[in-house]
Amino acid sequence: MHKVRTTHHIKRLPWIGGFMHNKGVVTAFMLLMAGSQVQAQESAMTLRLGQEFKHSGFDSQTVDIRWQQSVWQWGDSPCGLALGLRAGAMEVESDRAIRVGGGGSAYCQWENWRVWIPLDAIWLSKYRFSHNHDHLDYGGHIQFTSGLGVGYRFADRWLVGYQYEHMSNSNLYDANPGGEFHTLLVSYFF
């Protein structure tokens, strides 16, 4: 029996350049805009607590407060886009850093269930952490977060949920270890 060995080559493009060269993403965006209407619906304040679940032996947590505003809805559908700002902290073992940033999310809500895909750019006040002679270097101050979230909305204004969050610098720097976080959250809509 012969073993087949495959090699995958992925061409790395700069983050924005890669996005602009992806004709499928641009086409999908244009189609969404064709059937859309602009209407700011509601704002939300969210408290998020995260725990890193995959890294080289470091215990990392995050806490963030996020304000977001719905800025666009696709026709009469329950789907739209929101823009927001966030501020919080990250703790790696006993080292702490401030995290601030902003970005957007695409969301859809059916009945009381809401799903979203967030994308943020954040700034870390500190990106090198150490504990017991071990070091964790996120590469630089600028990081990007993306993920997938699901939540249950109740009492008209409240939502509790879970979000998977990936944080990395998208290869802006030589070091790019990234991080994967389980995040629990509660939101208040107004």
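Does Phe154 count as of a type in the set (Phe, Trp, Tyr), modelled with pLDDT of 95 or more and surrounded by fewer than 16 Cβ atoms within 10 Å (Cβ to Cβ)?
In short, yes.
Taking the condition of a type in the set (S, T, N, Q), within 16 Å of Thr62 (Cβ to Cβ) and either surrounded by fewer than 14 Cβ atoms within 10 Å (Cβ to Cβ) or modelled with pLDDT of 95 or more (or both), does Ser94 pass? Walk me through it before giving the result.
On the way: of a type in the set (S, T, N, Q): yes; within 16 Å of Thr62 (Cβ to Cβ): yes; either surrounded by fewer than 14 Cβ atoms within 10 Å (Cβ to Cβ) or modelled with pLDDT of 95 or more (or both): yes.
It is true that Ser94 is of a type in the set (S, T, N, Q), within 16 Å of Thr62 (Cβ to Cβ) and either surrounded by fewer than 14 Cβ atoms within 10 Å (Cβ to Cβ) or modelled with pLDDT of 95 or more (or both).
I'm trying to understand the selection: among the residues of segment 92-126, which are of a type in the set (Gly, Ala, Ser) and assigned to a loop (DSSP other than H, G, I, E, B)?
Residues satisfying the conditions are Ser94, Ser125.
Identify, please: which residue in segment 129-151 is polar (S, T, N, Q), in contact with a strand residue (DSSP E or B) (Cβ under 9 Å, 6 or more places away or on another chain) and open to solvent by 40 Å² or more (accessible area, probe 1.4 Å) and is, among those, modelled with the lowest pLDDT?
Ser130
Can you find a residue that is modelled with pLDDT of 95 or more, under 19 Å from Val150 (Cα atoms) and exposed (fewer than 14 other Cβ atoms within 10 Å of the Cβ) anywhere in segment 39-61?
Yes.
Name the one entry in Leu159, Leu172 that is surrounded by 15 or more Cβ atoms within 10 Å (Cβ to Cβ), aliphatic (A, V, I, L, M) and not in a strand (DSSP E or B).
Leu172 is the lone residue from the list that is surrounded by 15 or more Cβ atoms within 10 Å (Cβ to Cβ), aliphatic (A, V, I, L, M) and not in a strand (DSSP E or B).
Name the residue that is farthest from Ala82 (Cα to Cα), counting only residues in segment 114-128 that are open to solvent by 40 Å² or more (accessible area, probe 1.4 Å) and either basic (Lys, Arg) or over 10 Å from the mean Cα position of the chain (by Cα) (or both).
Selected residue: Arg128.
The values are calculated or read from the model by the stated rules, or taken from the named source; none is laboratory data. In this text, all values refer to a predicted model and were calculated from it rather than measured experimentally. Cβ coordinates were reconstructed from backbone atoms using ideal geometry, including for glycine residues, and neighbour counts include every protein chain displayed. These area figures cover heavy atoms from the full protein model, side chains too; ligands, DNA and RNA do not enter into them. Shrake-Rupley method; radii C 1.70, N 1.55, O 1.52, S 1.80 Å.
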